[in-house]
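So the structure is just underneath, and the comments pick up after that.
The values are calculated or read from the model by the stated rules, or taken from the named source; none is laboratory data. The structure presented is a predicted model; accordingly, all values stated were derived computationally and were not measured. Neighbour counts run over all protein chains shown; Cβ positions are idealised from the backbone, glycine included. These area figures cover heavy atoms from the full protein model, side chains too; ligands, DNA and RNA do not enter into them. Shrake-Rupley method; radii C 1.70, N 1.55, O 1.52, S 1.80 Å.
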Amino acid sequence: MRASAKSAAAREMPKYGRGTGIPNPIDIHVGRRVRLRRLLLGMNQETLAEALGLTFQQVQKYESGRNRVSASRLSAMAEILGVPISYFFDDLSATGAEVSTEDKARREQFESPETIELVRLYYAIPDPTVRRQFLDMIKAAAQPAEQGR
């Protein structure tokens, strides 16, 4: 590659990251995983922020991917949220890999506050027999919807 071609490539603007106004997809993914775990624990942003010595606005920025989480802060979050650091990178798509519309929709359903609350409350039911009955009831209620597809 000639020197002029190299310098032109070096001057190309990045697709995302600092100065573009578009968060890096990895930062967005990590932020979503922080949010998911926090909600599964029934923790609000303010509680997490206090444990980290931050404002809740900073936690909001981390969760949206607008701000990157440093390694030391990610380690502290993992400890507070009771997960290994690798949890935040689970289900991360390969760089440049396209996620299907169906997978995006399914992920959005799983990450919705309603779904997270349902899962959290389901596991809060202390009696395993009652939990199983509840699951059976949900399956029965969903059957007509499943058959219509």
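Being small (G, A, S) and part of a loop (DSSP other than H, G, I, E, B) is the requirement here; does S93 meet it?
For S93, the condition - small (G, A, S) and part of a loop (DSSP other than H, G, I, E, B) - is met.
Kindly indicate the residue of segment 56-81 that is of a type in the set (G, A, S) and assigned to a helix (DSSP H, G or I) and also farthest from the chain's Cα centre (by Cα) among those meeting that condition. Among those residues, the one meeting the criterion is S72.
Within segment 53-71, the residues that satisfy the criterion of being among the hydrophobic types (A, V, I, L, M, F, W, C), without any contact (Cβ under 8 Å) to a residue 40 or more places away in the chain and under 17 Å from D27 (Cβ atoms) are L54, V59, A71.
For segment 13-49, which positions are farther than 23 Å from G82 by Cβ, in a loop (DSSP other than H, G, I, E, B) and either touching a residue at least 40 places away in the same chain (Cβ under 8 Å) or of a type outside the set (D, E, K, R) (or both)? Answer for segment 13-49, where residues must be farther than 23 Å from G82 by Cβ, in a loop (DSSP other than H, G, I, E, B) and either touching a residue at least 40 places away in the same chain (Cβ under 8 Å) or of a type outside the set (D, E, K, R) (or both): M13, P14, Y16, G19, T20, G21, P23, N24.
Taking L39 as the residue in question, decide whether it is buried (at least 16 other Cβ atoms within 10 Å of the Cβ), modelled with pLDDT of 90 or more and touching a Pro at 6+ places or on another chain (Cβ under 8 Å). Against the criterion (buried (at least 16 other Cβ atoms within 10 Å of the Cβ), modelled with pLDDT of 90 or more and touching a Pro at 6+ places or on another chain (Cβ under 8 Å)), L39 qualifies. Give the residues of segment 111-134 that are touching a residue at least 12 places away in the same chain (Cβ under 8 Å), in a helix (DSSP H, G or I) and surrounded by 12 or more Cβ atoms within 10 Å (Cβ to Cβ), sorted by residue number. Answer for segment 111-134, where residues must be touching a residue at least 12 places away in the same chain (Cβ under 8 Å), in a helix (DSSP H, G or I) and surrounded by 12 or more Cβ atoms within 10 Å (Cβ to Cβ): I116, E117, V119, R120, Y122, F134. When L74 is tested against (1) modelled with pLDDT under 95; (2) surrounded by 10 or more Cβ atoms within 10 Å (Cβ to Cβ); (3) in contact with a helix residue (DSSP H, G or I) (Cβ under 8 Å, 6 or more places away or on another chain), exactly one condition is not met: (1).
In summary, V30 fulfils each of the numbered conditions (1) more than 13 Å from the chain's Cα centre (by Cα); (2) open to solvent by less than 50 Å² (accessible area, probe 1.4 Å) with the single exception of condition (1).
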